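Undergrad: Can you read through this structure? Questions will come right after.
Bear in mind these aren't lab numbers, they're just calculated from the coordinates by the rules spelled out. Keep in mind it's a predicted model, so treat the numbers as computed, not measured. Neighbour counts are summed over all protein chains in view; Cβ atoms, including those assigned to glycine, are modelled from backbone coordinates with ideal geometry.
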Amino acid sequence: MIDLEAHLRQRRAKGAKLFVPYVSGGLDAEWVDLLRAFADAGADAIEVGIPFSDPVMDGPTIQEASVRALERGTTPHSVVAELRGVADEIGVPLIVMTYYNIVFRAGHERFARELAAAGISGAIVPDLPLEEAGPWAEAADDAGIATVLLAAPTAPDLRLAHICQRARGFVYAVSLLGVTGERQSLASTAVGIAQRLKAVTDKPVIIGIGISTPEQAREACTVADGIVMASALMRLRLDGASVAEVAAAARRVREAIDG
Amino acid sequence: MALAPSSPVPVMGTPSDDGRFGRFGGRFVPETLVPACQELETAFRRAWSDPAFRAEFEHLLRTYANRPSLLSECTRLSERLGLRLLLKREDLNHTGSHKINNVLGQALLAQRMGKTKLIAETGAGQHGVATATAAALLGLECVVYMGEVDMGRQSLNVFRMRLLGAEVRPALSGSRTLKDAVNEAMRAWVSDIADTHYLLGSVMGPHPYPWMVREFHRVIGDEARVQCRELTGGDPDVVVACVGGGSNAAGIFSGFAELPEVRLVGIEPAGGAAIGRGVPGVVHGMLSYLMQDEFGQVQEAESVSAGLDYPGVGPEHSHLADIGRAEYYPVNDDEVLDAFQLLARSEGIIAALESAHALAWVYRERATMAGQTVLMNLSGRGDKDVAQVQSILDGRQS
């Protein structure tokens, strides 16, 4: 598998801002093609959602995508099975995003092993905060899976430092007080949290939650090392855009942050 | 009956620093909420050891909620069942159920923390009505999340909340019932954390909620123990209560947990039996028994009572089941409807369908408890359920 942090650091060292688009795993028959298209559009890593019945950190768009995926019979195993070998093929590291009960039910060691066997580089578990992350993070470390941790504007500085210390791959800066979903403008908290994180870590700091347009992405990247874009891209797909059309939207983000 | 020698870790005492009851509990929330949970825990610890806060809480319980609630002896029904049945009458509280205890406690705490707005989830509407009531009493803003399906089933409670000045927002995701209302309330809390307190309605959710909500309901068990001794000269053989999230059961159990000869029995709906049918899992911030599929997707509960329509259960109940201190059994909807009618006809009390679960078990197991004293928590009154029961019973006749 690709070493997530090394890969992102290498890209950053070359002066690139990091672009991490998101795909809801199992969303439709072409979801893996969307990964390939995102790779072609210049993704530095790709986040893949494993759908969960009760996604408390997600707004309407990702909820809708999750329901659609689950209704197609998508399971954690089917997502991981379809991802097998894809990262090597496209040369872009993959990070799964799912909720803790999916991990807990499978068992920490088994889940970590399955991800590693499929060539997946990292995992984001948004309802597993620092204090509860230990057993999973250790199993993930052992299997070579990077545990990406979220850091939110509500955390005091000391807590941010502890989160950065335990995070692997990159630190996921939560741009705002809220759940995933498209927003009209970049939250005022976005640049602030990125600055506070950059002050305590040299790990890549990538902003997500609510980044919806190329302009917002560019603005966020004035401080952060990169951005995650999820709902805005998934909204296009849910509303019927083709793989090529969604990839074109991703390419515009790439160009904006490169600009 | 002699008190038990004190054990090293008191049963139903304070959870561990990481919010565990045995292996259950914890704080599995998005990072954004962690500082809010920590702030709440600190505020609760301070308030609960502050005599001024306790006095204010007790004053409200006495002068507003109508406490202490009565302990009623069921003469006719006892004779029929062949045991001595005592009812702890939480149905006589203001707003019609035990829910008011927790709501007044948390609303006072929110006010003390400088919060100006309450958000809450509700299933049948009892907790939502209670929260709207407390908000009106203390002059706080109130938003209640309720599954769209439940809003249809309990439209009178929706109107009640609005009458009390609360805003009711539909939860449109998933099964559009209680589970989804909790999801929606948590999402709202993530978005609006600074001046908002999430007033969770049961002994569930992330630490400190399961512990804090149980403490606010401890008054049920404390009163009942004293009342029972006054009435019968001793402790009951069995204490029984219905369990959805498990707040009324936790409240009454906490008064008797240290008396090892008193059986503690929790009754779950067969369609929502987290302890009976679930396996350990994590949802809504806690590790507890949870109805889920082989992949960890949470299953939807199905029960005649919307208030017990919940696939999880409070983590302390999972612990009490694990260590064998409490027993949990399921009853089915038909048994519940029979018990609902039995209590109405033999004692003149229309119970909430939730509470009727406990009586359904007493009825089924009456022979095994012959001659014993059984204390049942009558957690709420059944006015809200009358129309639903009518339509079910009419349907059976046609």
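Undergrad: First select every other residue whose beta carbon is under 10 angstrom from the beta carbon of B:G147; then total the charges, Lys and Arg +1, Asp and Glu -1.
TA: Taking every other residue near B:G147 into account, the sum is -3.
Undergrad: A further question follows. Can you pull the mean other chain C-beta count within 10 Å for peptide A:45-55?
TA: Mean partner-chain Cβ count within 10 Å for A:45-55: 4.
Undergrad: Given the convex hull over the Cα atoms of segment B:92-149, what projected area results after averaging over all orientations, in nm²?
TA: 3.7 nm²
Undergrad: Leaving out same-chain residues fewer than 8 places away, which aspartates and glutamates sit with a Cα under 20 Å from that of B:K115?
TA: Straight-distance partners of B:K115: B:E39, B:E41, B:D50, B:E56, B:E141, B:E167, B:E184, B:D192, B:D195.
Undergrad: If you take every DSSP beta bridge whose two residues both sit in chain B, what share of them, in percent to the nearest 5, is antiparallel?
TA: Taking every DSSP beta bridge within chain B, about 30 percent pair in antiparallel fashion.
Undergrad: Can you say what percent of the DSSP beta bridges in the protein assembly as shown, counting only those with both residues inside, are antiparallel? Round to 5.
TA: Antiparallel bridges make up about 20 percent of those DSSP assigns within the protein assembly as shown.
Undergrad: Run the simple label-point estimate for B:E327 and B:E294 please: 7 Å along Cα→C-beta, distance reported in nm.
TA: 3.3 nm
Undergrad: So, R0 is 56 Å and r is the distance between the beta-carbons of B:L138 and A:D258; what FRET efficiency does that work out to, to 0.05?
TA: 0.55
Undergrad: Based on the Cα gyration tensor of chain B, what are the three equivalent ellipsoid semi-axes, each the root of five times an eigenvalue, rounded to whole Å and given largest first?
TA: 29, 24, 21
Undergrad: If you don't mind, another one. With a cut-off of at most 13 other beta carbons within 10 Å, and DSSP calling the residue loop, which GluC sites (Glu not before Pro) in segment B:239-298 qualify? Please list them.
TA: Those satisfying the criteria are B:E261, B:E294.
Undergrad: Ok, one more. Quickly estimate the mean residue ellipticity at 222 nm for the protein assembly as shown, helices only: each DSSP H run with n ≥ 4 gives -39500 (n - 2.57), and the total goes over all residues, rounded to 500.
TA: Computed ellipticity for the protein assembly as shown at 222 nm equals -13500 deg cm²/dmol.
Undergrad: Further question: If you add up the charges near B:I267, with Lys and Arg at +1 and Asp and Glu at -1, over every other residue whose beta carbon is less than 11 angstrom from its beta carbon, what do you get?
TA: Net charge in that neighbourhood comes out at -4.
Undergrad: Fewest Cβ neighbours within 10 Å first, please rank B:M286, A:M57 accordingly.
TA: Least crowded to most crowded, the residues run A:M57, B:M286.
Undergrad: Compute the signed sum of charges (Lys and Arg +1, Asp and Glu -1) over the other residues within less than 14 Å, Cβ to Cβ, of A:R68.
TA: -3
Undergrad: To continue, here is another question. Under a point spin-label approximation (7 Å from Cα along Cα-to-Cβ), what is the B:T63-A:E30 distance to one decimal in nm?
TA: 6.9 nm
Undergrad: How long are the three semi-axes of the equivalent ellipsoid of segment A:1-94, in whole Å, if each is the root of 5 times an eigenvalue of the C-alpha gyration tensor, listed from largest down?
TA: Its equivalent ellipsoid spans semi-axes of 25, 15, 11 Å.
Undergrad: What's the whole-number percent of alpha carbon pairs in chain A lying beyond 26 angstrom?
TA: For chain A, the fraction of Cα-Cα distances above 26 Å is 31 percent.
Undergrad: Counting other beta carbons within 10 Å of each residue's own, what order do B:M113, A:M97, B:M151 fall into, fewest first?
TA: Starting with the residue having the fewest Cβ neighbours, the order is B:M113, B:M151, A:M97.
Undergrad: Whose amide H sits under 5 Å from the amide H of A:L18, counting only residues 5 or more places off or on another chain, with H placed in the peptide plane?
TA: The answer is A:G226, A:I227.
Undergrad: Next question. A 26 angstrom limit on the alpha carbon distance is what I want to check against. Which of B:K99/B:K384; A:K14/A:K198; A:K198/B:K117 exceed it?
TA: Beyond 26 Å: A:K198/B:K117.
Undergrad: Once the Cβ-Cβ distance between B:L163 and A:K14 is put in as r, and R0 is 45 Å, what FRET efficiency do you end up with, to the nearest 0.05?
TA: Computed FRET efficiency for B:L163 and A:K14: 0.10.
Undergrad: What ranking, highest mean first, results for peptides B:298-309, B:358-369 when packing means the other Cβ atoms within 10 Å averaged over each residue?
TA: B:298-309, B:358-369
Undergrad: For the modelled label position 7 Å from the Cα of B:A344 along Cα-to-Cβ, which residues of segment B:73-109 have backbone nitrogen atoms closer than 18 Å?
TA: Once the point is set 7 Å along Cα→Cβ of B:A344, B:77, B:91-92 turn out to lie under 18 Å by backbone N, inside segment B:73-109.
Undergrad: Residues of A:128-138, mean number of Cβ from any other protein chain within 10 Å of their own Cβ, rounded to a whole number?
TA: Partner-chain Cβ atoms within 10 Å, mean over residues of A:128-138: 4.
Undergrad: Determine the equivalent ellipsoid of segment B:87-199 by diagonalising the alpha-carbon gyration tensor, then write out the semi-axes as square roots of 5 times the eigenvalues, largest first, rounded to whole Å.
TA: Each semi-axis is the square root of five times an eigenvalue, giving 20, 19, 12 Å.
Undergrad: Once a ≥ b ≥ c are taken as the square roots of the eigenvalues of the Cα gyration tensor of segment B:194-276, is the result rounded (a/c under 1.5), prolate (a/b larger than b/c) or oblate (a/b not larger than b/c)?
TA: Here segment B:194-276 falls in the oblate category.
Undergrad: Same structure, new question: Quick one: B:H319, A:H162, fewest Cβ neighbours within 10 Å first, how do they rank?
TA: Taking fewest neighbouring Cβ atoms as first place, the list is A:H162, B:H319.
Undergrad: Report the rotationally averaged projected area of segment B:241-309 based on its alpha-carbon convex hull, in square nanometres.
TA: 5.2 nm²
Undergrad: Then there's this: Quick one: pull the percentage of alpha-carbon pairs in segment B:260-398 with a separation above 27 Å.
TA: Here the long-distance tail beyond 27 Å is 25 percent of all Cα pairs in segment B:260-398.
Undergrad: How high is the FRET efficiency between B:E79 and B:L393 when r is their beta carbon distance and R₀ equals 22 Å, given to the nearest 0.05?
TA: That pair, B:E79 with B:L393, gives E of 0.30.
Undergrad: I would also like to ask the following. Using only C-alpha atoms and all pairs of different ones, pull out the Kirkwood radius for segment A:34-187 in Å with one decimal.
TA: For segment A:34-187, the Kirkwood estimate is 16.2 Å.
Undergrad: When only C-alpha pairs under 8 Å and at least 6 residues apart count, what is the relative contact order of segment A:107-249, in percent?
TA: 17 percent
Undergrad: Hey, rough spin-label estimate for B:M113 and A:V67, points 7 angstrom out along Cα→Cβ, what's it come to in nanometres?
TA: Spacing of the two 7 Å Cα→Cβ label points: 3.0 nm.
Undergrad: Give the whole-number value, in cubic angstrom per residue, of the convex hull volume spanned by the C-alpha atoms of segment A:176-259.
TA: Cα convex hull per residue, to the nearest whole number: 89 Å³.
Undergrad: Hey, another quick one. Let a ≥ b ≥ c be the square roots of the eigenvalues of the Cα gyration tensor of the protein assembly as shown; is it rounded (a/c under 1.5), or, if not, prolate (a/b larger than b/c) or oblate?
TA: Verdict is prolate for the protein assembly as shown.
Undergrad: For segment B:1-125, place one equal point scatterer on every Cα, skip the solvent, and apply the Debye formula. What is log10 of I(q)/I(0) at q = 0.10, 0.13, 0.18, 0.23 Å⁻¹?
TA: For segment B:1-125, the Cα-only Debye profile gives -0.51, -0.84, -1.24, -1.32.
Undergrad: By its C-alpha gyration tensor, with a ≥ b ≥ c as the square roots of the eigenvalues, how is segment B:44-110 shaped: rounded for a/c under 1.5, else prolate for a/b larger than b/c, else oblate?
TA: Prolate, since a/c reaches 1.5 and a/b exceeds b/c.
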